[in-house]
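First comes the structure, then the notes that go with it.
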Amino acid sequence: MFENLSERLSQTLHSIGGRGRLTEDNIKETLREVRMALLEADVALPVVKDFISKVKERAVGTEVNKSLTPGQVFVKIVQSELEAAMGEANAPLQLNTQPPAVILMAGLQGAGKTTSVGKLAKYLTERQKKKVMVVSADVYRPAAIKQLETLAEQVGVEFFPSTTEQKPVDIANAAIAQARKQFIDVVLVDTAGRLAIDEDMMQEIQQLHSAINPVETLFVVDAMTGQDAANTAKAFSEALPLTGVILTKTDGDARGGAALSIRHITGKPIKFLGVGEKNDALEPFHPDRVASRILGMGDMLSLIEEVEQKVDKEKAERVAKKVMKKGQFSLEDFRDQLVQMREMGGMMGLMTKMPGMGKMTEQMKGQMDDKMTLRMEAIINSMTPKERLRPDVIKGSRKRRIATGSGTQVQDVNKLLKQFTQMQKMMKKMKGGGMQKMMRGMGGKMPPGMFPGR
């Protein structure tokens, strides 16, 4: 998300440097470019107008501190206003109530509501150690009930069965009663997809809301619909007391207009982002981190959290000890690194969160995407254990066999072996105290505070 906006803003804000004071004249062109960038990102017009006027009001007449450039001062103002537009801080779920805490999920058909119920159930189980039950009150689609049952099984949470002959209110009440008996912490109630203009359906969900009195009513909306997502959320918030929004399919939305418009138009916070198809592809929404990502400054906090969640620490420690002690690094270790990288959203996903890497992602596209890492994995998997341990034995006929087995070309095998050899050389340098020496050597090129003692 935000690829185009990030690129445009980075170029625009880069051009404002070299001035001792920000005046209306010297920021006029930059503001025009920022306005165009936001409109192209499909941000709603009232949001753009409000954003530009606030940035202008804060920037004009600002004296530039000697330690900063005008560009840096302006970027700080833009970043702060981006955060304010999106809600300033993460709005967590309010679950401090007599168990079970009931969460009602509403949204349009095809927005990813049922999938989001599964993701949220996994998130609450793994990250907040809650005992979760899910139930479907979608009595119009038997497939939705079955889909939720499958998801519940996949993520390891309780599923309360329901049928299309029952009434949504009866289903939800029965699920909550059962949850009390089983000492469940959170009940997630999935509902049928509906349009705000469908009066009967809206009346039905209003009755359901009154009957179960949820602590959270979350509206699930597709980011790909841009500012329409914000308008739909507004229509729903007028009919239901929404407490927040889950923005789905953000991995496919390069513009980001919905994320920047929803808070302003509905007054409701975005609580989560759906960032992929997997059951763990749900991230809490942090406006400050997202603003940082938009301006190409990366998002190290989210990256650290992702590493904490998804990296097999024991395996990583074993490899690190082996490298530090003996300077050894095998193709099996290399394959494990590729698998873990893919688990964390691939090389491109990691790079968008790393400071200063925003511009690099365009150059890297095609060079280190998921297809390439999958191809590299397939090549390593087609080798024998001996070949993985001693790649120097891989010559002509072996290369042809590996290429055939992995569905690749001999030149792909050569390329992987070359990359691996370079990596192995680097690992050998890390043996003993080599890592510290290498860090000291790089220290001069790194920003202050990156390494201890700097």
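Please treat every number below as a calculation from the coordinates, not as lab data. These numbers come from a predicted model, not from an experiment. No Cβ is skipped: glycine too gets one built from the backbone with ideal geometry, and neighbour counts run over all protein chains shown.
Summing Lys and Arg as +1 and Asp and Glu as -1 over all other residues whose Cβ lies under 13 Å from the Cβ of Thr163 gives a net charge of -1.
Measuring between alpha carbons in the structure, the pairs from Lys371/Lys418; Lys122/Lys415; Lys278/Lys371; Lys146/Lys371 lying more than 27 angstrom apart are Lys122/Lys415; Lys146/Lys371. A simple packing score, the average count of other Cβ atoms within 10 Å per residue, orders the peptides 273-279, 100-106 as 100-106, 273-279, with the highest score first. The order of Ser382, Ser237, going from fewest to most other C-beta atoms within 10 Å of their C-beta, is Ser382, Ser237. Summing Lys and Arg as +1 and Asp and Glu as -1 over all other residues whose Cβ lies under 10 Å from the Cβ of Val134 gives a net charge of -3. On a 20 Å Cα-Cα criterion, which of the cross-link pairs Lys131/Lys268; Lys54/Lys76; Lys130/Lys181; Lys119/Lys167; Lys28/Lys76 come out too long? Check vs 20 Å cut-off fails for Lys131/Lys268; Lys119/Lys167. Peptides 154-160, 263-269, 51-57 ranked from most to least packed give 263-269, 154-160, 51-57, packing being the mean of other C-beta atoms within 10 angstrom over each peptide's residues.
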